[in-house]
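Q: First the structure, then my questions, so here it is.
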Amino acid sequence: MMRADPQGGIEAIVLFCHGARRASWREPFDALRAELAQAAPSLDVRLAFLELMEPGLPSVIDQLAAAGRRRLSIVPVFLAPGSHTREDLPRLVGEARERWPELQIETRDSLTENAAMRAAIIRWILQP
């Protein structure tokens, strides 16, 4: 499991999102990125999109590697696992590892694969 502190060794977090045609769709993800960056100021926090929006994941990984980052974590901001997290993400990460063999890239589960996230969702649903 990734620790969001300097001792954990992770230097960057990439929030990996699907993307959409409507520009306003990304606003919650921009807010999430900003709040995460504020909560963990030692981390380089970026957004990357699978399609329809920029920047794409390969571009963000290339930027981080070129900036000297050596350990990054990709967090898919997808509600549940599917072809994007089980096929597209591993393919994109594999291609990045070929381009940047010294770069350590870990990937996280989709949101509902995590017990703490499921519990948070349940608490939110049950709020009065």
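The values are calculated or read from the model by the stated rules, or taken from the named source; none is laboratory data. These numbers were taken from a predicted model, which means no experiment stands behind them. Positions of Cβ are generated from backbone atoms using ideal geometry, with glycine treated the same way; all protein chains shown enter the neighbour counts. Ligands, DNA and RNA are excluded from the accessible area calculation, which covers all protein heavy atoms including side chains. Shrake-Rupley method; radii C 1.70, N 1.55, O 1.52, S 1.80 Å.
Q: Hey, in the GNM for the chain with a 10 angstrom Cα cutoff, which one of ARG71, ARG21, ARG91 fluctuates hardest?
A: ARG21
Q: Compute the distance from the alpha-carbon center of segment 55-100 to that of segment 15-49, in whole Å.
A: A separation of 14 Å, based on Cα centres.
Q: So how tilted is helix 115-125 from the main axis of the chain? Cα-based, degrees 0 to 90, rounded to 10.
A: 40 degrees
Q: Can I ask one more? Give me, ordered by chain and number, the residues 5 or more places off ASP44 or on other chains with an amide H under 5 Å from its own placed amide H.
A: ALA12, ILE13
Q: Rg to Rh ratio, the chain, alpha-carbon atoms and Kirkwood radius?
A: Ratio value, two decimals: 0.96.
Q: Just to confirm the number: angle between the C-alpha axis of helix 57-66 and the first principal axis of the chain, 0 to 90 degrees, nearest 10?
A: 50 degrees
Q: Compute the long axis of helix 27-39 from its Cα atoms, compare it with the longest principal axis of the Cα atoms of the chain, and write down the angle in degrees, 0 to 90, nearest 10.
A: The answer is roughly 70 degrees.
Q: With springs only between Cα atoms under 10 Å apart, run a GNM on the chain and tell me which of ALA80, ALA115, ALA65 wobbles the most.
A: In this elastic network of the chain, the residue with the biggest mean-square fluctuation among ALA80, ALA115, ALA65 is ALA115.
Q: Under the rule of -39500 (n - 2.57) per DSSP H run of 4 or more residues, summed and divided by the residues of the chain, what mean residue ellipticity at 222 nm is obtained, to the nearest 500 deg cm²/dmol?
A: -10500 deg cm²/dmol
Q: Got a number for carbon plus sulfur as a percent of the chain's accessible area, 1.4 Å probe?
A: In the chain, the share of accessible area belonging to carbon and sulfur is 54 percent.
Q: For the chain, with every protein chain kept in place, what is the accessible area per residue (1.4 Å probe, Å²)?
A: On a per-residue basis, 59 Å².
Q: Now a separate question. How many nm separate the modelled label positions at ARG22 and GLU95, each set 7 Å beyond the Cα in the direction of the Cβ?
A: So the two model labels end up 2.8 nm from each other.
Q: Given the options GLY56, GLY68, GLY19, which has the most mean-square fluctuation in a GNM of the chain, springs set between C-alpha atoms less than 10 angstrom apart?
A: Result: GLY68 has the largest fluctuation of those listed.
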